[in-house]
Structures are given as structure tokens and as C-alpha cells.
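These notes are about the structure you will find just below.
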């Protein structure tokens, strides 16, 4: 079940299947990407998370998440899953790669209640996030 939740989350992101992604999140999720973007962790609803992701990620032609080195522990009703993630973001022939470690907490209802990304490194064209943002801004206009 845990593997399905994680697969649904990341394949949903890569396929821009936002409804599928929303379905794995609890009503409130502690989202923490502070090690990468400096934004303080926030308790957000699934639609808020998807609103942010869907206003940025479609600026890339495609993304590909690769996950490995899973470790799962369970204490009472809370399952903690740690794993390594590598995400390639493409625009044309250019790629921006982000690597780090994830910590997800999954509650007794099999919903993600906390998601932390611990940034390790980036490589490739580090200007692609700016370009993806510009692409999305131009779509809005």
C-alpha cells in the first residue's frame, strides 16, 4: 500500500494528473521544501499544494522523478518513509536535475500528512526554473 501511495504521488506529478496527486494527501499536509527554496514549512491543503505545483511544473516540457533507497518505519498509526529522489526537468534539449532525500509521513488513513524534501544538489541548466516560470506567466497573459 505504501509503495502505491508514493507511486501515485510522483507519477501523478510527472503526468500532471493533479486529481490523482490530491487523492494521496491528507486534508492538511506539512510541506517542507525549505532546504531547497528557503520558504518556511507550511501546513497546506491538497488544493493549495497542487495550485502551487500546477502553476510551475507545466512550464517544463516534462519531468521525471526517480526514487530509490527506501526505508519504512511504523510507530503506532504513523508510517515514515524515507527515500532518495532525483528529478529531471526538461525544456527542449535542456535539463535541470535536482537531487535530495524525502521524508514522508503517512497516517492511519493511508494519506500523506507530511512531506519534507532535503535538498542535496542540482545540476544541468540551473536557469530552467526561471524559464519555466516565464513560460507559465506567458500562458496566463
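Can you name the condition, by its number, that residue 66 falls short on among (1) surrounded by fewer than 15 Cβ atoms within 10 Å (Cβ to Cβ); (2) over 15 Å from the mean Cα position of the chain (by Cα)?
Condition (2) is where residue 66 drops out.
Within segment 104-140, which residues are in contact with a helix residue (DSSP H, G or I) (Cβ under 8 Å, 6 or more places away or on another chain), loosely packed, with under 14 Cβ neighbours inside 10 Å and outside any helix (DSSP H, G or I)?
110
Taking interchain pairs and intrachain pairs at least six residues apart, which have beta carbon atoms under 8 angstrom, with the first residue in segment 36-57 and touching a residue at least 60 places away in the same chain (Cβ under 8 Å) and the second surrounded by 13 or more Cβ atoms within 10 Å (Cβ to Cβ) and in a loop (DSSP other than H, G, I, E, B)?
57/16
Answer yes or no as to whether residue 13 is in contact with a strand residue (DSSP E or B) (Cβ under 7 Å, 6 or more places away or on another chain) and farther than 20 Å from residue 98 by Cβ.
Against the criterion (in contact with a strand residue (DSSP E or B) (Cβ under 7 Å, 6 or more places away or on another chain) and farther than 20 Å from residue 98 by Cβ), residue 13 does not qualify.
Of the residues 26, 88, 101, which is in a strand (DSSP E or B), at pLDDT 95 or above, surrounded by 15 or more Cβ atoms within 10 Å (Cβ to Cβ) and more than 14 Å from the chain's Cα centre (by Cα)? It would help to see each step written out before you state the result.
Details: 88 fails: more than 14 Å from the chain's Cα centre (by Cα); 101 fails: more than 14 Å from the chain's Cα centre (by Cα).
Of 26, 88, 101, the one residue that is in a strand (DSSP E or B), at pLDDT 95 or above, surrounded by 15 or more Cβ atoms within 10 Å (Cβ to Cβ) and more than 14 Å from the chain's Cα centre (by Cα) is 26.
If you check 10, 60, which single one turns out to be more than 13 Å from the chain's Cα centre (by Cα), under 30 Å from residue 134 (Cβ atoms) and surrounded by 15 or more Cβ atoms within 10 Å (Cβ to Cβ)?
Working: 10 fails: more than 13 Å from the chain's Cα centre (by Cα).
On inspection, the qualifying residue turns out to be 60.
Looking at segment 29-50 only, could you name the residues that are part of a loop (DSSP other than H, G, I, E, B) and loosely packed, with under 13 Cβ neighbours inside 10 Å?
Here is the first cut: in segment 29-50, the residues part of a loop (DSSP other than H, G, I, E, B) are 33, 38-41, 45.
38, 39, 40 - these are the residues of segment 29-50 that are part of a loop (DSSP other than H, G, I, E, B) and loosely packed, with under 13 Cβ neighbours inside 10 Å.
The values are calculated or read from the model by the stated rules, or taken from the named source; none is laboratory data. What you see is a predicted model, and the numbers here were worked out from it, not measured in a lab. Every residue, glycine among them, receives a Cβ derived from its backbone with ideal geometry; neighbour counts consider all protein chains shown.
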